[in-house]
Each structure stands twice: as structure tokens, then as C-alpha cells.
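The values are calculated or read from the model by the stated rules, or taken from the named source; none is laboratory data. In this text the structure is predicted, and so the values were computed from the model without any measurement. Cβ placement follows ideal geometry from the backbone for every residue including glycine, while neighbour counts extend to all protein chains displayed.
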Amino acid sequence: MTGWQWLVVAVGAVVLASLIGVVLRPVRVPEGRSVGEITRRVEQERGDMDTALWPMGFPHDPPDYAMGVGEAQMTMQRHRACRVGECPRKTAAWRVLVEAGRIKPDAGRQR
């Protein structure tokens, strides 16, 4: 046999041994973790998130101070995915920029 033939035989043996190992390996079922238990835990965590009080200054809350033009511009960039009128912080930033003349609101369209 040539060197290439020995290489093919060796690779084939490794592949065959790997397949046998995968097929014969016992399936490990974690103890004490049923689907029902995991589902209950996930639902409880979701409920805890819904009832939790958000910390002061949550990113979409309106600011409790007068926002400057620079901060309003950064806020508009940070809240790019938000809509004016739906996100209180972006709405406040929008108003500051309109008052400063940086944005000319289109009558039928807001960002």
C-alpha cells in the first residue's frame, strides 16, 4: 500500500470510531429538571420583570430637567429606533431641537 492509501485507511478508521462513539454514548438526562419546572421558572422570572419598578432615569423616561441642544442631539441619535410621541425622552429631545431651530417639523411626518 502507498502512503495515500494508508492515510485514507487511517482517516476512515477515525471517522468510524467517532460514529460508533456517538451512537453508543448514553443520553444524559439532567436530574430534577422537568420541562414543566423550567417553564414555571421562566414564567415567574417574566412576571418578576413586569412587576419590578424601573430605576430612576430609565432610558426612555422623560428627563426631569431642561435638556440642552447637545444632549438633545445625542438623545435623538441614541433613540434612533424610537418614535417621537411614543418615547418620552425622544419626544423631549425633539421639542428642544425644534425650539432651537435645528429641526423643522414636517406637518405630516415625525421621526
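Of everything in region 24-58 that's of a type in the set (Val, Ile, Thr) and modelled with pLDDT of 75 or more, which residue is surrounded by the fewest Cβ atoms within 10 Å (Cβ to Cβ)?
So the residue we want is Val35.
Return the residues of region 75-90 that are over 19 Å from the mean Cα position of the chain (by Cα) and farther than 17 Å from Pro105 by Cβ; say none if nothing qualifies.
Pro88, Arg89
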